[in-house]
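Enquirer: The structure that follows is given in the form of structure tokens.
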There are 2 protein chains.
Amino acid sequence: MIDIPVSSVMTSPVQTVSEEATASTVAGRFVADGIGALVVTDPATGEMLGIVTESDIIRQVARGTDVDAATVSTFMSAPVTTITGTETIARAAELMETHSIRRLPVVDDRELVGIVTTTDLTHYIPRLRRTLLRERTAA
Amino acid sequence: MIDIPVSSVMTSPVQTVSEEATASTVAGRFVADGIGALVVTDPATGEMLGIVTESDIIRQVARGTDVDAATVSTFMSAPVTTITGTETIARAAELMETHSIRRLPVVDDRELVGIVTTTDLTHYIPRLRRTLLRERTAA
């Protein structure tokens, strides 16, 4: 329970986008799908090239960039910090704090299998607390 | 340790913005200050009117809104779900899950004293885990 794997809290499958998509297209995908990040992949090979998040779009807006012209390749974050599905949620939290990021693509055997976010981890806190209280009662 | 109060993990003081600020101004504040939300207040009274987040800006971009013209009053979220500083981080996590939000302004005695986010709560998970492991060893 306490060291549960990332695979059990991640969102899967993960949504992807090509390097050629515009900032406004990405914003539209975020709103339509209720998400805050897309993994950038090569449509031909499936290779992960980067990640684009809400913060990347906000940065374009702050700079006065034309959001209908700017493409993902010019503002995505790369390389991407990733985690494997068998690592623990505590490890995911540590990686997020160390790198000041809120989302980690999950990669198993070089295959993109999901994404885990601060939101996914936060929703786990009440369960972690109940475990701790139950163990105290039993002890 | 397990039921620590929101006040000990929140960011304080919280940054505010007026209803008249534009979407591009808000985006600029997010980037300059490394934050993802601003609490909307009445500059004259300090009264909390709403909250504006990265997702609100993204929604404007997706709609093709003129970000240099759209003002906070037209796209902020209101009313705001809040928490008090003495409530627990587990309660904060529950509120975030229930309302599908990532940030909670912290209000004590009707005064805005801080803001707590999924990022703040995520950074607490490794500590929660260490507490649980330590108690198991002691039991």
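Enquirer: Regarding B:Ala69, is this residue over 16 Å from the mean Cα position of the chain (by Cα), surrounded by fewer than 22 Cβ atoms within 10 Å (Cβ to Cβ), within 21 Å of A:Gly36 (Cβ to Cβ) and at pLDDT 95 or above?
Expert: Working: over 16 Å from the mean Cα position of the chain (by Cα): yes; surrounded by fewer than 22 Cβ atoms within 10 Å (Cβ to Cβ): yes; within 21 Å of A:Gly36 (Cβ to Cβ): no; at pLDDT 95 or above: yes.
So B:Ala69 fails the test.
Enquirer: Scan the range B:113-137 residue by residue and report those that are in a strand (DSSP E or B) and touching a Lys or Arg at 6+ places or on another chain (Cβ under 8 Å).
Expert: Selection gives B:Ile115, B:Val116, B:Thr117.
Enquirer: State which residue is surrounded by the most Cβ atoms within 10 Å (Cβ to Cβ) when the search covers only the range B:1-48 and only residues that are within 14 Å of chain A (Cβ to nearest Cβ) and charged (D, E, K, R).
Expert: This residue is B:Arg29.
Enquirer: Another question, then. Restricting the range B:49-77 to residues that are closer than 28 Å to B:Ile4 by Cα and of a type in the set (A, V, I, L, M), which is farthest from the other protein chains (Cβ to nearest Cβ)?
Expert: In this case the residue turns out to be B:Ile51.
Enquirer: Let me ask something additional. Does the range B:93-122 hold any residues that are facing chain A (nearest Cβ under 8 Å), buried (at least 20 other Cβ atoms within 10 Å of the Cβ) and either touching a His at 6+ places or on another chain (Cβ under 6 Å) or among the aliphatic types (A, V, I, L, M) (or both), and which are they?
Expert: Residues satisfying the conditions are B:Ala93, B:Met96, B:Leu121.
The values are calculated or read from the model by the stated rules, or taken from the named source; none is laboratory data. A quick note: this is a predicted structure, and the numbers were derived from the prediction, not measured. Virtual Cβ from ideal backbone geometry, glycine too; neighbours counted across all protein chains shown.
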